[in-house]
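The structure under discussion appears below in the form of structure tokens.
The values are calculated or read from the model by the stated rules, or taken from the named source; none is laboratory data. Just so you know, these numbers come straight off a predicted model, no measurement behind them. Cβ sites come from the backbone with ideal geometry, for glycine too, and all protein chains shown count toward neighbours.
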Amino acid sequence: MNTHITAPELAPESDWYKSSYSGDTGNNCIELARQTTRPGAVAVRDSKDKGGPALVLTPTAWTTFVTAVRDGEFGTTPTA
């Protein structure tokens, strides 16, 4: 079974989006796509590698990740 999947295999380019909080000058962005083939799932890719690998997360895993980021569990990122 192939466990590696690329972003274009998951969703068309028009379905991917970045947060409105993400500026055009940032290099550390992720993009999301809602999954119609996997209801409720969230696809995640690196905005710098649009044709590269992507993750598919369950709603529970996505919520856990967002909560951990918000709570600072991964540290902070430097600002310019």
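Here are a few things to note about the model shown:
- Residue count for region 7-24 under the criterion of being of a type in the set (Ser, Thr, Tyr) and under 12 Å from the mean Cα position of the chain (by Cα): the result is 2.
- Within region 31-40, the set of residues being at pLDDT below 85 and surrounded by 13 or more Cβ atoms within 10 Å (Cβ to Cβ) comprises Arg34, Gln35, Arg38.
- Some residue of region 44-61 being in a helix (DSSP H, G or I), β-branched (Val, Ile, Thr) and at pLDDT 85 or above: yes
- The number of residues in region 41-52 being closer than 14 Å to Glu9 by Cα, surrounded by fewer than 14 Cβ atoms within 10 Å (Cβ to Cβ) and not acidic (Asp, Glu) comes to 2.
- Among the criteria (1) modelled with pLDDT of 85 or more; (2) surrounded by 11 or more Cβ atoms within 10 Å (Cβ to Cβ), the one Glu73 does not fulfil is (2).
- Boolean, Val66 is touching a Ser or Thr at 6+ places or on another chain (Cβ under 9 Å) and either on the phi < 0 side of the Ramachandran plot or modelled with pLDDT of 90 or more (or both): no
- Check on Ala61, surrounded by 13 or more Cβ atoms within 10 Å (Cβ to Cβ) and closer than 15 Å to Glu9 by Cα: no
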